[in-house]
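Asks: Let me give you the structure first, and then I'll get to my questions.
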Amino acid sequence: QVQLVESGGGLVQAGGSLRLSCAASGRTFSGYTMGWFRQAPGKEREFVAAISYSGDTTYYADSVKGRFTISRDNAKNTVYLQMNSLKPEDTAVYYCARNVAVVAGKGYGMDFWGKGTLVTVSS
């Protein structure tokens, strides 16, 4: 069974930064594109960012482009999301997912999800 565990969420003021981590158990990283998604209260879950296994290719939602950076350390089975210049509208539960196919700015095909970490941005 694959387990993805997110961490690093919290409360931050607008303009601040947070770094999220997603640690995968076992040999679960090999060959997979990993991604981050988020779900704000009352809204559907949306794609945020994804990164290929090699790390050579990254994808971002337009709403976070230039502010968020996704990265990964395959030796540690961990993917990261550095979030800068945070805005109140970034408030959401952030989820890590495995096996993300990005098409037209949306993520498809995810086979495992973490339980999420809450990010709250105060104005």
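Derivation of every value follows stated rules applied to the coordinates shown; laboratory data play no part. Since the structure is predicted, the reported quantities are computational estimates derived from the model, not experimental observations. Don't worry about glycine lacking a Cβ; one is built from the backbone with ideal geometry, like all the others, and counts go over all protein chains shown.
Asks: Before anything else, pin down the relative contact order of region 14-95: Cα pairs under 8 Å, at least 6 apart, normalised by residue count, whole percent.
Replies: 41 percent.
Asks: Could you give the dipole magnitude of the chain about its Cα centre, charging the beta-carbon of Lys and Arg +1 and that of Asp and Glu -1, in debye to the nearest 20?
Replies: About 120 debye.
Asks: Among THR117, THR69, VAL2, which residue has its Cα positioned farthest towards the positive end of the charge dipole of the chain, with +1 placed on the Cβ of Lys and Arg, -1 on the Cβ of Asp and Glu, and the dipole taken about the Cα centre?
Replies: Value computed over the given set: VAL2.
Asks: Okay, moving on. Run the simple label-point estimate for GLN13 and TRP113 please: 7 Å along Cα→C-beta, distance reported in nm.
Replies: Placing both labels 7 Å along Cα→Cβ, they lie 3.4 nm apart.
Asks: In nm, what is the difference between 0.36 nm times the number of residues separating VAL2 and ASP73 and their Cα-Cα distance? If you can, show how the numbers build up before the last one.
Replies: On the way: separation 71, 0.36 × 71 = 25.56 nm, distance 1.73 nm.
23.8 nm is the gain from fully extending VAL2 to ASP73.
Asks: Here's a follow-up. Which one, LEU11, VAL103, ALA40, is farthest towards the positive end of the dipole of the chain when Lys and Arg carry +1 and Asp and Glu -1 on their Cβ?
Replies: LEU11
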